[in-house]
Structures are given as structure tokens and as C-alpha cells.
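Taking it in order: structure first as C-alpha cells, then the write-up.
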Amino acid sequence: MSRYNFKDSEARWQAAWAAAPSYAAQDGDPRPKYYVLEMFPYPSGRIHMGHVRNYTIGDVIARYKRARGFNVLHPMGWDAFGLPAENAAMEKKVHPRTWTLENIATMRAQMKTMGLFIHWDRELATCLPDYYVEQQKLFLAFHRQGLVYRKKSWVNWDPVDMTVLANEQVIDGRGWRSGAPVERRELSQWFFKITQYNDELLSALDTLDRWPEKVRTMQRNWIGRSEGARVFWKLQGRDDSLEVFTTRPDTLFGASFCALSPGHPLTKELAAKDPALAAFVRQCEALGTSEATIETAEKLGYDTGLRAQHPLDATQSVPVYVANFVLMDYGTGAIFGCPAHDQRDLDFARKYGLAVIPVVAPAGQSPEERAAFVAKLATSDTTAFDGDGEAINSGFLDGLPVAAAIRSAIERLEAEGHGQGTVQWRLRDWGVSRQRYWGTPIPFVHCAKCGVLPVPEDQLPVELPEDVTFDRPGNPLDHHPTWKHTSCPGCGGAATRDTDTMDTFVDSSWYFLRFTSPHATEPFTRKAADYWMAVDQYIGGIEHAILHLLYSRFFTRALRDCGYLDIAEPFAGLFTQGMICHETYRDAEGQWLTPQEVTREGDRVSTLDGRPVTVGRVEKMSKSKKNVVDPERIIAVYGADTARWFMLSDSPPDREMEWTESGIEGAWRFVNRLWRLVSEGGALAPAGQPLPDSLVADGASPAGAALRATHSAIAHIGEDLERFHFNKAVARVHELANTLAALKDDTAEIAWVRRFGVESIARLIAPMMPHLAEEIWAYLGGEGLLFDQPWPQADARFLDQGTVKIAVQVNGKLRATIDLPRDSDRAAAEAAALDNESVQRFLEGKVPRKVIVVPNRIVNVVV
RNA sequence: GCCCGUGUGGCGGAACUGGUAGACGCGACGGACUCAAAAUCCGUUUUCCGCGAGGAAGUGGGGGUUCGAGUCCCUCCACGGGCACCA
């Protein structure tokens, strides 16, 4: 019994493909183009299973589309700037560049063992000057176009390490290294004007019909267009007003307080004279800048003592608080609170003893019901009412439904000069400044005389200095003894470079364009971009559903407006894959164990000390829980095809998948089973023998049925791959292999079908298990490489089954199935159903009231 | 807290646009081959009742729409992703 020798086979076929004249992606080739792209990896060290899943999916699509006659582009690169390289520099005393380039070399070699059809001649790394010089040019182009500006914004500040912290580096309000409580600090930073494209980024989502609906919904909510009003509350004892934004001006008569963000200018002014308020603001700032942290923290407020006059009723006024949950970045940084109709306001009102005034009630209530509704809102165990209804206790609004009351309130506010209707967006401009070393330097110079000036293009790139140290916290570019000192491009006098680098999301917002002409001395050539863009199929993790994809959509539009492109949308098709999970294990002490440190059979014990192991939940693979499986080991033990096959089996690719050792073994068994089916599964007809006439009409014999099963598999698997239903494609290959293996005789017909069947399997599995497919193709004496063969076509003559099984229900419960010729008419189906013995029994002699017939599917008899 | 998902046998999952729930795989059990084991092959496998024919229940919980609901609606629960300086 022969085992499939993947070690020999995989290396051999990988070399053969790379040497194939047809391998490269040809600019301007007459075939229709197809650009397949997976989100490029961060070079963290070694590839992980998430990469294997991502690149397997992409490779299936690339190879499948190639077989379908497309000129496929499938490139790979490295998202190579970022925080982990600097952390490694601090911990391991290795230069970020060295660390990154070594990781790339390791990961590239690992990926090559997967047998991916990738155009390595187009490889790029964002940390290399030949990439980031072009990015600096784009930054200057955006600046000329008015899409770049500077403003102040808040960062997390570690007062001990004297450094800016990423949100990830703030743990429970403390710096991750120093342990010091963080503060918020305001810095002057660079911004991209993404909000200029609010409308377009929102409305164009409707055109992205090959994106998952969930991603479009998430982006829609993120952009967050909402209609409402700006309302001015006159501050008593002062000359100015407090401006708040609300989507519910109809609830103004229910207002019982106003609240300012801790970062609001009025807060700052008041805190300057009120030490207690200043202390409260410091307390709020200790939360850091993360919205999740701010929104989940306990709601706290501070009464400033100011009162604001009600905009619709000058006789009323409300207290002005500073509250920790009011965001400075949304609306005006101030709100009014209507506790009866907003849960957060209600919690706040109860905590600080503020009034709860119901101003909306369900329509159509009796006076008693209305009284009970109002009374209930005053009790402490009720929730706010945010449903539709009619205005009450609201003067001129009384009786109006919510939408009409909003309109009416806005009219009145505008007429009296106390506010105006407005559209508010949640999306904020994109802050791209980072106070770090390992990123693209921002090509600007600060001059005391001339201000902030762009570096002239002929002086680009502004390269990162090599000789930097990480022995003290803060930005190494700032510490560097000489790097930042330069001359002013305006006056020639002494000036300093901007020491900020760009957010790494900038790097990933245009790399897909760079792949179209990776060696150009401009960001990309117009010709190549016009030919290859947009990306036809983009594939990556759902965790990028908002930021990366939105930034790339913005970037493409900005490039269009700078004259680089005609298109607006970078990714015509998007597929988001799920995470890879694994069981977790803990030893007797509660310490995490790796899967290899646990026995697999019977009572699970540690292979280290033989003591019992607690098997925990199936969770996302992560180093911290040690539930990771190294792809390199899997590929070494089972081969790339087996790893790829298991990745595609079982779990739909957009969902989480659980990695199991038994699953990979099952895939390995199937690889060998297929190879045996081909090499020792019985007589195969010689190549090129025509289809025996005896098989055309015969659908019932084993050979005829197997022929039809093969055509059915051909018809369905292509469709499955188009729709990313890889698990179903895998199941169909299993079924076909089972059918073929069940053919026991060696008649001429069976030998013919067997040959046709295994050859078809080779073609059908080629995108998924390319090495094995190639090996089968060669074994069968196929010409050239299967890599260059077109996708098979099903013959319609063999797809129709003739009869169909129809379910018969009585009162919706299945009672029988009947066989009928396909497309039998309703009367025939009804008659056959009523004639059925089991149906008669359940009718108990009664006359059916109604009979529902769905052709070719079901008959439901209702009594 | 807010936004978006997911929930089906012992397990991963299948079920096209509301029409036979459990395809395919894993595991388990029984058998064949073998001195034995591995590998391989054959069979059984949602649960409950029944010797059997057959019947009943069943897609996270509760409610609803429908001749018919895993699929649509309401509500609750659990888990996952994102929340703008992780990538």
C-alpha cells in the first residue's frame, strides 16, 4: 500500500510552477484581469494559523480564477512598521529594522512551503525607504490638496516614562511599564481630512454589493450620520451660551441638566478657578482616551454651580455639570440630559438627584394609563422610555409624534435664534501623528521664522536614522543628537524636522496600489493602476472591518482628487474570515499548557509531569493562553496540501474554526485515500478514450450513476468556490471519492468512469490541494502542468435525475415521501399524495380542507 | 456602555430565495483482515418510547406570524469582533 510522498512531491511541484512561463502576472494581458489580495501580514516573527487560513483562501481563489481564464495578480508584502518592533528593540536590544527584516525572511520561507501561487517578484515591505519615500510624496500631495492639517488632540500620557501610550498600553488606567496612572495630554498633531468625504464614504457603501452586509452596516454606523439640532443654552450670569448637539430636540422640555466634557473649553476655564473641579477633571483624565473605557466607567459628574437657561422656556433653568462620559470628540462636547428618555441620563439623574420629567408617552393611552406611565417613570426601578409616542408636558409640542415634534422644535429654535437644525457625523478626522521611531517620517520642517513647511520633493526620502537607542523612553527621533536639525526650505536658516512618524494605517491604505507597479519611482504608475485596480477580491480578518477598510476607501478618493486615479473604491469584493481557535489546557497549578504538553487520549494528563490537566474552553489561538499550533510543524509532518485541506474543511471560512489534531489527521487520511483511489483503485481506461455510448442513456447502473455524480460535482464545486463555500466543496469531493471507490468491477464502462472521475477530482481539488492534484495529473499522463489546465465543464446531459422525491405532510408533519417525474403538475402530485397509504391513515377518513403543492418539493395536506 | 455578528447530534458543520433537519467529516461502538498491533475495509450512530412496524420530541430560552419556521418578527440569555495610538 503506497503512501503519498508529500515531501518529494511538494518541493518538486513548487519548483515546476515557479519555472512555468505562464506564472507571472502580465500587465495589459488580453485576458480579463483578476486581482486577488489578502491583507498583508505584520512580520511578527513566524506565521500563525490565521495566516495559513488567510493565504489558503486567497490561493484557492487565485488558482481557481486562473483556471477560469483570468490574468490573475496575487502579490504579497509586509506591513512592516509598528510598535512590536520597538518593544523588541527595548527588550532584546535588537534594532527594529534587523528584527523586522529577519522576521520577514523567516515568514517568507514559511509561506513558500505552503505552495502559494504568489507573485513574489512584486513583494514589498513598508519599512523600506523605496516604499515610504513614495508615501511621503503622497503625504505632500494630500497637503497640497488641502487634505492634511494640524490641530491639537488628546493622547494618553505616561507621566513617569514621559511618553505617549497606545490604548493597548494602558491597562486599568495605568501605563503598562511604569504602572503610573495615565493622564490625558493635548498635543499638536497631523490629521487627514477624512470627514471631507463623509457623504461619499456613506452613500458609496450601497454600491459595494460584493461586501458582506455586516461590514457595510458597521461602516455606516461608524460614519454615523445623524440629523438633529444645535441648541444654545444661555448661561446665567455670563454673556455666552452653551452649545449642545441633540438628535432629540423634541425632548427639550424634559431636560433636567446640561453636561460638559472634561475637555470642554468651558470646563477648563471653570477649573482654573475651582480646585475641586480641577481635581475632578484630573480624575476623569486618568481614564485615558479609549472610548470603551470612558463609556463603561461609572458615570460621574461635578456640579459647576452654573445654570443654563432653557432655550424654549426662559423661565426655566437647569444645572450645568461636568460629566466623565461626555465625549469631547462628538458633537459639541456638551449635552443636555433628558432622564425620562435616555437611559444614561436617567442613571445620572438618579445618582445626582435630578428631576425626571416624562415628555414622550405611547400614543393612544387612556388618562389612567397615561397617569400610570408617568408615575412609573419616577420610580427608581424603571428604565427610560426611548420608543415612539406623542409629546406631553411640552407646551406647543404636545400631541405631536416624535418625528413631527423634532421638526416643530427645530422650527421654533431657529425662529427664536436658540438653535438650528443640523447634520452631525460621528466620524472624526484621522489623526496620523505618532511619537515613535519605527514608522514613516512625516516630511515637514518647523522653522521659527517660516512656520511649518513641507520638505521639498527632491530632498525625499526623509530617511529614518539608523543609529538610535531605546535605552530611555520617549521618541528616539526626538532624542537623536543630530537627525532633527536641518535647514529651513523657506529661509535657509536653522530649523528642526518634524519628529512624528505616520500611523501604520497610512502604510496599509495604499499598498494594494503599489503592488500594481512595485518598482516605479513614483507611488504607482497610472497605467498599471488603471489596468489592475480595483482589487477584485480582498480577503482578511473581520477585525479590520472598520478602520483599515475605511481608511483605504478614503485614501483612494483622496488619490483620485489629487489626480492619481479615476476610481473611488479600492476593493470591489471583500471577504472576511473568522479566527482560528483551539482548546485550552491548564495544569494542576492552573498554568497554561500547550497542546503538545497534553496527552490526547483518555484522561488528559500533562506530558511534563503526568498530572491531570483541566481542559478549558475553545478560544482564539493566542500566545498568552498557549493554545497555539505552529503551522511549520504541521506542514513538516503532514504537508502543505493536508494543512490547506483541513483549513478548508468543516468550518465555513467566515466563521471561527477550531483546530484539532484529529481534524488534521482526518485530512491526512483523505490525502492518502485519494492517492490510493488513483494509484490502486482499479483499472483506468487509457487516456483519450471517447465516452462509451452505453453510458449516455444509462443513469441507473453503478457506472452511469458515478458518471452523473462526477458531472454533478463539477457543476457544484465551481459554484461552491465562487461563493466561498469551501467546506461544501470539500464535502462534495468526499462524496465523489466515496462514489468512485464503491465501483468494484473493471468493465470498460467502469474503467472509463473511474478515469474520468479521478481526473476530474484532480482538476477540482487543484485550487485547494495543488501539489496532490499535480501529482495525480502526472500519474494519469496529463500533458504539461495541471496548473495551466482550464477548469472542467459539466455536461448538462448528465445533470438531470429524471425523478424527484417529494415530501408529503399532513398538517405540516412529514408522513410520507413519494417519487414523481420531475416537473409533474400540481394535480398529479396532489393525487399521488392523497393516494398514499400513510397519508390516508393520518387523514382518518376526513376530507382535506386544503392541499398545498410546491412543485418538485412538497405536498401539504391540511385537514 | 455603544455598534456588528454567532448559537443546529458527543464534536465541526449541511439544509438554495419559508418547504423531507442532521449532507460531509471527526469521534464513539460493532465487525473483517492480522499471531498481535498499526494502517485499511465494512456496518451502526439526534434523543426518548417500542421486540418490531412505527410513534413522539427536537435547531440557545420565551413568545408571535404562517398550511408549514433552523430560516421571518418581538424579547431575553450566552459567546465572539470593533470602539479611532495593537495590527
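The values are calculated or read from the model by the stated rules, or taken from the named source; none is laboratory data. The shown structure was predicted, so the numbers you read here are calculated from the model rather than taken from an experiment. Glycine gets a Cβ as well: all are built from the backbone with ideal geometry, and neighbour counts include every protein chain shown. Remember, those area values only see protein heavy atoms, side chains included, never the ligands or the DNA or RNA. Shrake-Rupley method; radii C 1.70, N 1.55, O 1.52, S 1.80 Å.
Look at the Cα gyration tensor of chain A: its axes a ≥ b ≥ c give a/c of at least 1.5 with a/b at or below b/c, and that counts as oblate.
Between A:Asn221 and A:Thr599, the contour length at 0.36 nm per residue exceeds the Cα-Cα span by 131.4 nm.
Comparing Cα centroids, the range A:98-155 and the range A:190-259 end up 33 angstrom apart. A:Asp641 sits with roughly 0 Å² accessible to a 1.4 Å probe, with DNA, RNA and ligands left out of the calculation. Packing around the peptides A:272-281, A:629-638, A:713-722, taken as the average count of other Cβ atoms within 10 Å per residue, puts them in this order, highest first: A:713-722, A:629-638, A:272-281. In this simple spin-label approximation, A:Asp693 and A:Arg31 carry label points 7 Å from Cα along the Cα→Cβ vector, and these lie 3.8 nm apart. Among the protein heavy atoms, those of A:Cys581 account for about 10 Å² of accessible surface (1.4 Å probe, every chain in place). Tell me, what is the percent relative contact order of the range A:391-518, built from C-alpha pairs under 8 Å that lie six or more residues apart? Rounded, it is 25 percent for the range A:391-518.
In loop segments of the range A:789-832 as defined by DSSP, the trypsin sites (Lys or Arg not before Pro) with at most 12 further C-beta atoms inside 10 Å of their C-beta are A:Arg822.
Computed over protein heavy atoms with a 1.4 angstrom probe, the accessible surface ordering of A:Glu583, A:Glu298, largest first, is A:Glu298, A:Glu583.
Antiparallel beta bridges, as assigned by DSSP with both residues in chain A, represent about 80 percent of the total such bridges. Expressed to the nearest 5 percent, the antiparallel share of DSSP beta bridges inside the range A:712-863 is 75 percent. Only DSSP H runs of four or more residues enter the estimate; each adds -39500 (n - 2.57), and after division by the residues of chain A the mean residue ellipticity at 222 nm equals -11000 deg cm²/dmol. The mean sequence distance of close C-alpha pairs (under 8 Å, at least 6 residues apart), as a share of the length of chain A, puts its relative contact order at 13 percent. Could you check how much of the accessible area of chain A is carbon and sulfur, as a whole percent, using a 1.4 Å probe? Here carbon and sulfur together make up 51 percent of the probe-accessible area. Sequence-distant contacts, meaning Cα pairs under 8 Å at least 6 residues apart, place the relative contact order of the range A:199-301 at 13 percent.
In a simple Cβ point-charge model (Lys, Arg +1; Asp, Glu -1; nothing else charged), chain A has a dipole of about 220 debye relative to its Cα centre. In this structure, the residue pairs whose Cα-Cα separation is over 28 Å, taken from A:Lys112/A:Lys626; A:Lys273/A:Lys299; A:Lys112/A:Lys214, are A:Lys112/A:Lys214. The residues of chain A expose, per residue, 43 Å² of accessible area to a 1.4 Å probe.
Within a straight-line Cα-Cα reach of under 18 Å, A:Lys351 can be paired with the following aspartates and glutamates, leaving aside sequence neighbours fewer than 8 residues apart in one chain: A:Glu295, A:Glu298, A:Asp303, A:Asp342, A:Asp381. Counting only residues at least eight positions apart within a chain, or on another chain, the lysines with an alpha carbon under 27 Å from that of A:Lys850 are A:Lys805, A:Lys813. Cβ-Cβ distance of A:Leu453 and A:Ile567, R₀ of 35 Å, FRET efficiency by 1/(1 + (r/R0)^6): the value works out to about 0.60.
Of all lysines in the structure, the ones whose alpha carbon falls short of 20 Å from that of A:Lys151, not counting any fewer than 8 places away in one chain, are A:Lys193, A:Lys268, A:Lys449. Ordered from largest to smallest accessible area (heavy atoms of protein chains, 1.4 Å probe), the residues A:Trp120, A:Trp777 come out as A:Trp120, A:Trp777. Across the range A:1-133, counting alpha-carbon atoms alone, Rg and Dmax equal 17.0, 58 Å. Amide H contacts of A:His310: A:Gln316, A:Ser317, A:Val318, each under 5 Å away and 5 or more positions distant or on a separate chain (H built 1.01 Å from N in the peptide plane; Pro and chain starts excluded).
Where the centre of each part is set by its Cα atoms, how far does the range A:663-698 sit from the range A:724-766, in angstrom? A separation of 5 Å, based on Cα centres. Between the C-alpha center of the range A:790-812 and that of the range A:582-640 there is a gap of 45 Å.
Among the chymotrypsin sites (Phe, Trp or Tyr not before Pro) in the range A:138-203, none sits in a DSSP loop with a Cβ that has at most 13 other Cβ atoms within 10 Å. What the Cα convex hull of the range A:399-546 gives, in volume per residue, is 289 Å³. Computing FRET efficiency as 1/(1 + (r/R0)^6) for A:Ser380 and A:Glu291, where r is the C-beta to C-beta distance and R0 is 41 Å, gives about 0.90.
Counting 0.36 nm for each residue step from A:Asp239 to A:Gln420 and taking away their Cα separation leaves a gain of 63.2 nm. The slack between A:Glu102 and A:Arg673, meaning 0.36 nm per residue of separation minus the straight C-alpha distance, is 201.6 nm. Summarising the amide proton neighbourhood of A:Thr422: residues at separation of 5 or more, or on other chains, whose placed amide H is nearer than 5 Å comprise A:Gly228, A:Ala229, A:Arg230.
Relative to its Kirkwood radius, the Cα radius of gyration of the range A:375-440 gives an Rg/Rh of 1.29.
Identify the trypsin sites (Lys or Arg not before Pro) of the range A:673-780 meeting these criteria: DSSP loop state and at most 11 other C-beta atoms within 10 Å of the C-beta. For trypsin sites (Lys or Arg not before Pro) across the range A:673-780 that sit outside H, G, I, E and B with at most 11 neighbouring Cβ atoms in 10 Å, the list reads A:Arg723, A:Lys744.
To the nearest ten degrees, helix A:343-352 and the longest principal axis of the Cα atoms of chain A are 40 degrees apart.
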